[in-house]
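Read-outs throughout are calculated quantities, based only on the coordinates presented, and are distinct from any laboratory measurement. If you're wondering where the values come from, they're calculated on a predicted model, not measured in any experiment. Neighbour counts run over all protein chains shown; Cβ positions are idealised from the backbone, glycine included.
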Amino acid sequence: MADYRLHTIFYILTSLLSLAVLHWTVHKVLLSISRSKFKKANNCQPIPKYPNKDPIFGYDYWHALNKAAESRTLLSWLREQYRLYGNTYYARLQTANVISTCDPENLKAMHSTKFKDFAIDSRRKFAFLPLLGAHSVLLANGAAWEHKRAMLKPSFSRSQYTNLPLFERHVGHLIEAVRVENTKKGQVDLAEFFLCLTVDITSELMYGTSIELLTNGNKDLVRDMTQSAEGGHARWLLVFLANIIGNSTFSKSVSKVRNFMKRFVDEAISYRQHSESRSISAKPTARNFEGQQGTEPLDVKGRVIYLQQLSLGTRDRKAILDELTTILFAGRDTTAALLTNLFFVLAHRSDIYDKLRAEISVLDGERPTFEQLKGFNYLQSCLNEALRLYPVIPINTRMAVVDTTLPVGGGPKGQSPIFVSAGTNIAFHVTALHRRKDLWGEDAEDFLPERWEKIQGQGAWMYQPFGGGPRNCPGQHLSLAEAAYTVLRIVQEFSMITGRDSEPWTELIALTCTNANGAKVTLTEA
Ligand code: HEM
């Protein structure tokens, strides 16, 4: 009897297993047939491959990538891979299929023409979720992302980035603090001050209240923010290994930063309560977080304050915390990195510094208007060139959400479309794109602001510091105005800059990328 029962169970189990195997095989065969047809219809050609020694786990590619990251040579290592395998190639990395590209046509497709076929990938989510939170616009996809983007829009209006008196207040604090340090120590690392400046400006614009790091000197917050951003990048490199290895410095910093931010969540909640108890100056907006009709709050100067905007869209404290933390990091690390990289160059190029001084001398020491600021072409070219040679976000990623194609990278010349199966990760490398000699000329490696006199429309897809398409950077105008104003005022106040660092520019990749050794200089009073 027992033998009969065992026999029946065995029979049922093997039948189920055979059915599952059959189903899987049929599915695979049908998928392969339909993909072959799809590839043929789209004229897809094979893509060059990185010679993975470990084609299953892709451990060798990951090991090489990590080694380069540890020695702070990841950006040049990536460029070397493009030289070896072409501008678009495939590799296996930690069990994932990855297509790397530095081709403008592929970026255009991902960001714009085929925007819906690509989404934010799980690697980015894993890396930055502890810091930015699940509600972060930087980690969202689909309809949730659309809502968040609509919420952000009014806070990036022209009135925000043309508010030069607001910039002046904070840049004035920066100049004072830099002057004190420069006099006391005979030199100053501008990088630390830029990180405070961008927090002060971003918080005033987005929260309505400045954190005032330049005047209250909350060094702990500066350190915790930096450690959080760097820890996020380490998680991006390690992925699941990060959970095994652990990083207590990262966890502590994240928790301190998010705790600090809770005061602004309280402010948002009390703003909401206040606005519910009396009628505030408000007009309807597109949609809020909960998908309902929202309101667009205006502060006394007629600006839209993001914190207030968020508070009217949701009662969820965690959602407000995630969004406020995200916007502070997005506004801090980026513009600070741009300024640090540019001043690193200026410290070693007195010819460029002198040319900047000559250009702005028409102001005769007075403050510029916004139109004058935008009209200083050489100043604008220096910013463009700093973002070209040292893009603040040099590595970015997406994931294909459906079977799709990218326009180039296939065939012997790399000019035919390539097939991209759903789930494939795409890594795009902006430094490699911005330094391609076939696009930028033989002097692509040189810092040459003059090249921008000839470039129309910022070079479209071959110049990608701010991303492109619907998901491009909403802070672009703000950061360029903020950076231009800061450079102009420093150049007005100091007649000469001398570099105090003989090291070459060295990558420090966290949320963004900046010079690892900062911008150590001595400034001479004008
Ligand atoms: C030099 C300065 C800056 C650079 C180079 C820069 C670059 C970028 C890039 C490349 C993206 C697209 C990311 C992607 O496609 O995955 C982005 C997105 C974003 N940036 Fe910026 N950014 C800068 C300044 C700012 C500032 C000052 C703010 C706000 C105060 C800001 C807020 C954002 C936000 C909220 C997003 C997410 C947009 C979305 O996902 O829809 N950025 N930025």
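Some values worked out for this structure:
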read-out	value
12 Å cut-off, amide nitrogen to a point 7 angstrom out along Phe57 Cα→Cβ, residues in region 206-241	241
Aspartates and glutamates whose Cα lies under 19 Å from that of Lys219, excluding same-chain neighbours fewer than 8 positions away	Glu176, Glu181, Asp189, Glu192, Asp200, Glu204, Glu230, Asp333
Percent antiparallel among DSSP beta bridges (both partners in the chain, rounded to 5)	85 percent
Value at 222 nm in deg cm²/dmol, rounded to 500, when DSSP H runs of n ≥ 4 in the chain each add -39,500 (n - 2.57)	-18000 deg cm²/dmol
Enclosed volume per residue, in Å³, of the convex hull spanned by Cα atoms of the chain	193 Å³
Cα-centre dipole for the chain with unit charges at Cβ (Lys and Arg positive, Asp and Glu negative), debye to 20	1780 debye
Taking all pairs of distinct alpha-carbon atoms in region 425-486, Kirkwood radius in angstrom	13.4 Å
Unsatisfied cross-links (Cα-Cα over 22 Å) in the set Lys116/Lys454; Lys125/Lys148; Lys67/Lys256	Lys116/Lys454; Lys67/Lys256
Anchor Lys318: aspartates and glutamates whose Cα lies under 16 Å away (excluding residues fewer than 8 positions away in-chain)	Asp266, Glu267, Glu290
Calculated SAXS-style log₁₀ I(q)/I(0) at q = 0.13, 0.16, 0.30 Å⁻¹ - region 352-413, Debye, Cα scatterers	-0.61, -0.71, -1.22
Potential lengthening between Glu525 and Asn97 on full extension [0.36 nm per residue; Cα-Cα distance subtracted]	148.6 nm
